[in-house]
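Student: The structure's right below; bear with me while I get my questions together.
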Amino acid sequence: MDKLTRKELKTDHFVEEIGHGVDFVADHRKQMTLYGVIAAAVLLIGGGGYYYMQTQKAARQELLSKAYLIQAAQAGPAQPGMTPPYATEADKERAAGKAFADVVAKYGSSDEGLVAKYFLGVQAANAAKWTEAEKYLKEVGDGGQADVSSTAKLALAQVYAAQNKVADAEAIYRGLMDKPTAFVSKEQAAIALGRLLSPTKPAEAKKLLEPLRADKASAVSRAAINALGDVK
């Protein structure tokens, strides 16, 4: 899993990846893991300083940071000059899940606790444990800081899409379009919605996507054009 820096959070690559969000239905692990890295990167690198401005939060921050480092660790067999700390991805996921659960158990109502719940929701979605994933992601979406909340809502919409709950996913995407954030722009939400609607409402999907294809040099335009290619 690639590590994202604060600078990379603002690159066209990130915009384009989010633009393909609804591909979660076919390959949810890659996308959900990406969103987990995004949330953690905000916390650890200080994107905007949302959670790290108060020194009294040091204990919560340290516990969350340790959990994230497990999530970001490499896994796999030993290679020349490198021995990953976890033999398999499953081993790493179990360790990370326990670490995030510890944060929730101790600081569940704090900002850090909400981010830990986000990661637990991501893990549950990766395992197709939809009820558990929905529970955690809704808590973060309803109670988290705006940027992380919007990211959780985007992930929740994908959980709904994976279960063919199109109306629920559509409602979330439209809400994100109405109230965009630094992490989920109006254009990103529109592309995700266009992809969601393309199989059943192709005309509406085209209406959402066509205006976004104007600047062909931008990542948003490329994502929109790619999404239009899937519209019947």
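Student: Return yes when Ala99 is over 30 Å from Lys165 (Cβ atoms), surrounded by 19 or more Cβ atoms within 10 Å (Cβ to Cβ) and modelled with pLDDT of 90 or more and no when it is not.
Tutor: Yes: the conditions hold for Ala99.
Student: Given Thr88, Thr83, Thr151, which one is out of contact with any strand residue (DSSP E or B) (no Cβ under 8 Å at 6 or more places or on another chain), surrounded by fewer than 23 Cβ atoms within 10 Å (Cβ to Cβ) and of a type in the set (Val, Ile, Thr)?
Tutor: Result of the check over Thr88, Thr83, Thr151: Thr83.
Student: Of all the residues that make up segment 57-77, how many are surrounded by fewer than 16 Cβ atoms within 10 Å (Cβ to Cβ) and either within 9 Å of Lys92 (Cα to Cα) or out of contact with any helix residue (DSSP H, G or I) (no Cβ under 9 Å at 6 or more places or on another chain) (or both)?
Tutor: The number of residues fulfilling the criteria is 5.
Student: I'm trying to understand the selection: among the residues of segment 186-214, which are part of a loop (DSSP other than H, G, I, E, B) and at pLDDT below 90?
Tutor: Selection gives Ala214 alone.
Student: For segment 102-133, give me each residue that is touching a helix residue (DSSP H, G or I) at 6+ places or on another chain (Cβ under 7 Å), closer than 21 Å to Leu154 by Cβ and surrounded by fewer than 21 Cβ atoms within 10 Å (Cβ to Cβ).
Tutor: Asn126, Trp130, Glu132 - these are the residues of segment 102-133 that are touching a helix residue (DSSP H, G or I) at 6+ places or on another chain (Cβ under 7 Å), closer than 21 Å to Leu154 by Cβ and surrounded by fewer than 21 Cβ atoms within 10 Å (Cβ to Cβ).
Student: When the residues of segment 194-225 are filtered to those that are within 19 Å of Ala157 (Cβ to Cβ) and in contact (Cβ under 8 Å) with a residue 40 or more places away in the chain, which remaining residue is surrounded by the fewest Cβ atoms within 10 Å (Cβ to Cβ)?
Tutor: The qualifying residue surrounded by the fewest Cβ atoms within 10 Å (Cβ to Cβ) is Val220.
Student: Here is a further query. Has segment 177-185 got any residue that is in a helix (DSSP H, G or I), of a type in the set (A, V, I, L, M), on the phi < 0 side of the Ramachandran plot and free of Cβ contacts under 8 Å to residues at least 24 places away in the same chain? Steps first, answer last, please.
Tutor: Just the residues of segment 177-185 that are in a helix (DSSP H, G or I), to begin with: 177-178.
In the following step, the residues that additionally are of a type in the set (A, V, I, L, M) were identified as 177.
Next, from what is left, pick out any that are on the phi < 0 side of the Ramachandran plot: 177.
With the extra rule that they be free of Cβ contacts under 8 Å to residues at least 24 places away in the same chain, the set shrinks to 177.
Checking segment 177-185: at least one residue is in a helix (DSSP H, G or I), of a type in the set (A, V, I, L, M), on the phi < 0 side of the Ramachandran plot and free of Cβ contacts under 8 Å to residues at least 24 places away in the same chain.
The values are calculated or read from the model by the stated rules, or taken from the named source; none is laboratory data. Quick caveat, the model's predicted, so the values are computed rather than measured. Positions of Cβ are backbone-derived with ideal geometry, glycine not excepted, and every protein chain shown enters the neighbour counts.
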